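Structure record follows, encoded as C-alpha cells.
The values are calculated or read from the model by the stated rules, or taken from the named source; none is laboratory data. These figures come from a predicted structure and were not determined experimentally. When we count neighbours, we look across all protein chains shown, and the Cβ atoms used for this are built from the backbone with ideal geometry, even at glycine. Just the protein is used for accessible areas: all its heavy atoms, side chains included, with ligands, DNA and RNA removed. Shrake-Rupley method; radii C 1.70, N 1.55, O 1.52, S 1.80 Å.
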Amino acid sequence: MVSHQDVPKQGESSDPPLPQPAAAEVESARLLANEARGALHAEGLQDTEIDRLADEFIAEDREGSVGTFVSWARHRVRRG
C-alpha cells in the first residue's frame, strides 16, 4: 500500500518546484482554503494565491486548524 507521504509532491512546472497535494489531499486543501478565504482576503490575498498556499500547506503534511493555516500563510507571504 502506498501512503500519501510516498507520492512525489513537487510541481513539475514550478520554478523552484512547489509542493503539490496528492490527489487524495486536493479536497482537504480546497476545504481549508475556503474556510480561511475571508481572513486571507482581508490580508489582501487573491483566491488563486490562497488556493496555492493551501495546496502547499497540505502537501507539506502540515496539520492544524484553520487558524494555524492562516498564521502560516501570513508568514509565508511575508517571507516571499
Over segment 54-70, the set of residues closer than 15 Å to residue 26 by Cβ and either without any contact (Cβ under 8 Å) to a residue 12 or more places away in the chain or touching a Phe, Trp or Tyr at 6+ places or on another chain (Cβ under 8 Å) (or both) is 54, 57
Does any residue of segment 58-79 turn out to be touching a strand residue (DSSP E or B) at 6+ places or on another chain (Cβ under 9 Å) and either of a type in the set (Gly, Ala, Ser) or surrounded by 15 or more Cβ atoms within 10 Å (Cβ to Cβ) (or both)? yes
Those residues that are touching a residue at least 24 places away in the same chain (Cβ under 8 Å) and open to solvent by 40 Å² or more (accessible area, probe 1.4 Å), I need them from segment 27-42; list them, please. 28, 30, 35, 39
Reported set for segment 15-36 where residues are out of contact with any Asp or Glu (no Cβ under 7 Å at 6 or more places or on another chain), outside any loop (DSSP other than H, G, I, E, B) and not hydrophobic (A, V, I, L, M, F, W, C) is 25, 27, 28, 30, 34, 35
